[in-house]
Amino acid sequence: MQLIQRVLKLFGGGLLLGILIALGAYLYIYPSLPPVAHLRDVRLRPPLRVMSADGELLAVYGTKRRIPLNFDEIPPLMRKAFIASEDARFYDHPGVDVQALARAAIDLMQHGRIRQGGSTITMQLARNFYLTRQRQFIRKLREIFLALRIEQTLDKEEILTLYLNKIFLGQRAYGVGAAAEVYYGTTPQRLTLAQIATLAGLPKAPSALNPISNPAASVVRRTYVLNRMLNDHHITPQQYEVARNARVSAQPRQRIRAANSSAPYAAEMARAEMVRRYGSDAYTAGYTVHTTLRHDLQLVANASVRRGLIRYDLRHGWRGATRRLEPIPGSRSELDQALREMPTRGGFRNAVITHAGDDVAHAYLGDGHWAELTLEEIRWARRMRSVDFRGPIPQAASEVLRSGDMVRLIHEDGVWRLRQVPEANGALVALDPINGAILALTGGFDFSSSKFNRVTQARRQPGSGFKPFVYAAALERGYTPATLINDAPVVYHDQSIEGVWRPSNYSRQFYGPTRLREALMYSRNVVSVRILDHIGTAYARNYVARFGFDPDALPDNLTLALGSCEVTPMGMVSAYAILANGGYKIEPYLIERIDDAAGEPVFIANARRACDAQCRKQLASATPVGDDLDIPLASLENFAPRVLDQRIHYQTVSMLQDVARQGTARSTQALERNDLAGKTGTTNDQRDAWFIGFGGNLVAASWVGRDNFEKLGQREVGGVAALPIWIDFMKRALAGRSEQELPLPSGIVQARIDPENGLLAKPGSEDSVVETFREELVPNRISHDDSLMPDDPLMTETPEMMF
C-alpha cells in the first residue's frame, strides 16, 4: 500500500512538475509568438505570369513557383494522400498529436538527438510560415504552441488548404499546383493515383525523394504512401496494385521563363513594364499579364526569322566547329558531360563528331542517341574565306569535319543537317494596324545568347524603306504618280555629307526620265534624291513627323531620301501601319490587361482605333447593344487621329502595291494575293536589309543585319535577306484572312496616260496605262499635243516636267 502511495505521489509530483514546466515554457514563449489571424488573408507570393491573347503561358517570373488553389480545386484523393502520409490523425487532434510527440521524445532519449519530428500538418504549416526547419528544442516548443494557436484561429479546411499551397515539394515548386505542373506538366485534377502518391511522399525529403533525380527512392516512398492510404481505406486493393506497379512518369521540364518561352523578347518587355509599374511586387503579388500576342503567329514569327537567318548563313559558308575535344573522350558519360557544357542555341542539337569519312560522318547527340550526316547534307559547308568569298565545294565529309568536332545539327524532313549559329541577326514584328496590338514579336535569333531586343532597341538605317514617306511628302506638294523626274547623274556640294556627293542607283545605271510610280517601284535612288532636293529637306522632315519620326533626329541633308536616319523595326512598322489602316496614327501596345492575384483586372488597355466616318457611324448605331461588340464600349470614342490625307494615302499605297506586284518586292506574288503592299530597304554596303509591308489587315516588318554593323555581303539586299522572312511569316499569318480592297476615295480620278511622259494618252493609244490623280492635278495636256484641255477649274498645271 505504501509503495502504491509513493508511486502515486511520485507520479503526481512529476505531473505537477510537467504542468509547471509547460506553463512556464508557454508563458516564456507566448509573448514572442506571431499573430496568426492574418493567415486567412495570407499571400502565397505567386510569381508574375505572362500570357498570350489566346491563353498560352508565355513566361513566369519569380524565385518560387506557385499556383495557388482553393480547397475545392484540390482533388479529395490528393488531400487524403497527404494526410495519410504526413498526419493520419489530422482531423482528430487540436494541432498537436501527443502520441507522435511521445514517440519523438522516446527516440530523443534513446539516441541523444532529434531524429523524428512528430510534426502534424498544422505544426508544419506553422514552421513554413513563421519558423525555420532547424531541429532545436526551443524551436519545437514554439512550433507546438503556434500550432495550437493556429487551430484556434482557422478551421481544418483552411489549414489543409494553406498547407497544400505552401509546402515545398522540390524543383522550386511550392504547393501541389506548381508541383503537378513541374513534375507532370498538368494540373492536380488530372494526376493519377501513382502521381498523387509520389507528390505526397515529397515533404519528408524533397531532394532525396525527387522522382526526377532519384526515381528509385521515389518509388519506395510512393509505396509507403500507398500502403498508408490502403490501411486508412482511402483506396481499394485494386487501385493500390495499379498505382504500385505504375512506372515513374515524372520528367524534367524547363521552367517557363523568358529564356525558353515562345515569346522571350515580348515577355521581357512585359516584365520590364510590370516592374516599372509595381516595383519588386511585380514578382510576388500574383499578377497575370495578358498580352496582345497571338501564340500561333508568334511561333510562325520565330520559325520564319530562324529559317531566314539560316538561309543567309548557308550562302556565306562554314566557319568551322564550335569547339574541339582533344583527345575525344573514351566513355559515353564524358561525351554526355561535354555536350551538357556546350550551350544550346536557336533550337539546334549539340553533337560530337565521332567519325568523318568520304561519304558520311557520324555524330553523337548525347544520352545514347546518334546521327548520321551524309555528304549531301554537308556540301553547303564551303569554307568561309570572307563575307563575300567561299572555298570550293567539299568532295568528302572529312574535308569539313573531324573526329572530336563539337557542332550543331538540325533535324528536318527526317534528315540530320549540319548547321551553325548565324553571324547575322534579325527581327520581325507584326501589328494589327487598326489598333496597334502587337500580334507577334521576335527580337533575335536566340534569346539565351543575346537578350538585346532588335525590334525595340536596334536603331538602324532603314535605307529605301524610308522612301514612301518622302514620296508622300512630294504628293502633298503637288506631285502625282505620273510626274517625271530625270534619273541622270547629279553632283551635290554639301559639307554635311563630306562635300561632294554623287548619288547612284544600286545597279550603277541611270534610266533617264522616270515616273514617280516607277521610281518607287524599282527603288531608284537618284530620283528620290532629286525629289527631296526639290521639295526641301526642312519641309520633308516636318512632314514625315506625322508618321511618328522625330524631325530633330532626322539628318538635315539629302541623304534622308535614302533612309540615312536611324529607326527601330518597331518605329518602321508603326509608320507603315498608318499606310495600312487608311491614314490614322495608332500606337503599338503589348499589354491588353493586367489581373491581380484574385483574377480582378487592375489595368485594361484602351488603345486608339483607326476608324473612318463609316466605321464611326456603324459603331454609333451599335452602341445600345454593346454586349455584341468585339471592343469595349469605352473605346468607341477613343479614335486614332487622321494624319494622312485620304487621297495622298490612296496614291502612296497604290504605288506600294506596284512595288509588290512588279517591283523590288515582286516575289510577294508567291502569296497569290492582290492586296499586298510594301517596300524593300537596303543600306550602304548592305549593312541592313529590310522589308516592311501589309495586307489583310496585318502589317509586319522584317530586318536582317549584324549587331556590330559589319557588312552582310554582296547582293544581300532587302529583297534577298529580309523579304523571304516576311513572305514566310505572312504566308501562314494571312491564311484565312480576306483580301482588303483599296477603295477609291472622293477626289481621286483615274486617267490613261502615256507612260513615256506622264501626259494624257491619245484616244486609242495601245501603250497607255491607267494612273490615279487628285482631281485638281489631272494633266491638262495630251501626249505629243501642246494644246491645253478645255478650261476646267479642277485641272491646273502639274509638275509633270522633269528636273
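Quick rundown of the values:
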item: Residue within segment 124-142 that is at pLDDT 80 or above and assigned to a helix (DSSP H, G or I) present; result: yes
item: Lone unmet requirement of (1) crowded, with 21+ Cβ neighbours inside 10 Å; (2) at pLDDT 95 or above; (3) not basic (Lys, Arg) for Cys611; result: (2)
item: Criterion violated by Asn165 - all others in (1) out of contact with any Pro (no Cβ under 6 Å at 6 or more places or on another chain); (2) within 21 Å of Thr120 (Cβ to Cβ) satisfied; result: (1)
item: Flag if Arg349 is open to solvent by 80 Å² or more (accessible area, probe 1.4 Å), charged (D, E, K, R), under 30 Å from the mean Cα position of the chain (by Cα) and within 30 Å of Ala722 (Cα to Cα); result: yes
item: Yes/no for Tyr163 being part of a helix (DSSP H, G or I) and either open to solvent by 40 Å² or more (accessible area, probe 1.4 Å) or of a type in the set (S, T, N, Q) (or both); result: no
item: Restricting segment 283-321 to residues that are closer than 11 Å to Leu441 by Cα and not aliphatic (A, V, I, L, M), the residue that is surrounded by the fewest Cβ atoms within 10 Å (Cβ to Cβ); result: His295
item: Exclusive hit being β-branched (Val, Ile, Thr), open to solvent by less than 10 Å² (accessible area, probe 1.4 Å) and in contact with a strand residue (DSSP E or B) (Cβ under 8 Å, 6 or more places away or on another chain), set Val407, Val400; result: Val407
item: Helices (runs of 4 or more DSSP H) wholly inside segment 191-257 that include at least 3 residues being over 35 Å from the mean Cα position of the chain (by Cα), buried (at least 17 other Cβ atoms within 10 Å of the Cβ) and hydrophobic (A, V, I, L, M, F, W, C); result: 193-200, 215-231
item: Test result for Arg752, open to solvent by 70 Å² or more (accessible area, probe 1.4 Å), out of contact with any Phe, Trp or Tyr (no Cβ under 6 Å at 6 or more places or on another chain) and not in a loop (DSSP other than H, G, I, E, B); result: yes
item: Residue match in segment 561-580 (condition: farther than 30 Å from Asn684 by Cα and over 23 Å from the mean Cα position of the chain (by Cα)); result: no
item: In segment 551-566, the residues that are over 20 Å from Ala474 (Cβ atoms) and either in contact with a Lys or Arg (Cβ under 8 Å, 6 or more places away or on another chain) or at pLDDT 95 or above (or both); result: Glu566
item: Helices (runs of 4 or more DSSP H) wholly inside segment 444-543 containing at least 2 residues that are closer than 22 Å to Val573 by Cα and either free of Cβ contacts under 8 Å to residues at least 60 places away in the same chain or among the hydroxyl-bearing types (Ser, Thr, Tyr) (or both); result: 537-543
item: So Arg616, is it at pLDDT 95 or above, open to solvent by 20 Å² or more (accessible area, probe 1.4 Å) and either more than 25 Å from Arg774 (Cα to Cα) or part of a helix (DSSP H, G or I) (or both); result: no
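The values are calculated or read from the model by the stated rules, or taken from the named source; none is laboratory data. Being a predicted model, the structure only gives us computed values, none of them experimental. Backbone-built Cβ (ideal geometry, glycine too); neighbour counts: all protein chains shown. Areas reflect the complete protein model, heavy atoms only, side chains present, ligands, DNA and RNA absent. Shrake-Rupley method; radii C 1.70, N 1.55, O 1.52, S 1.80 Å.
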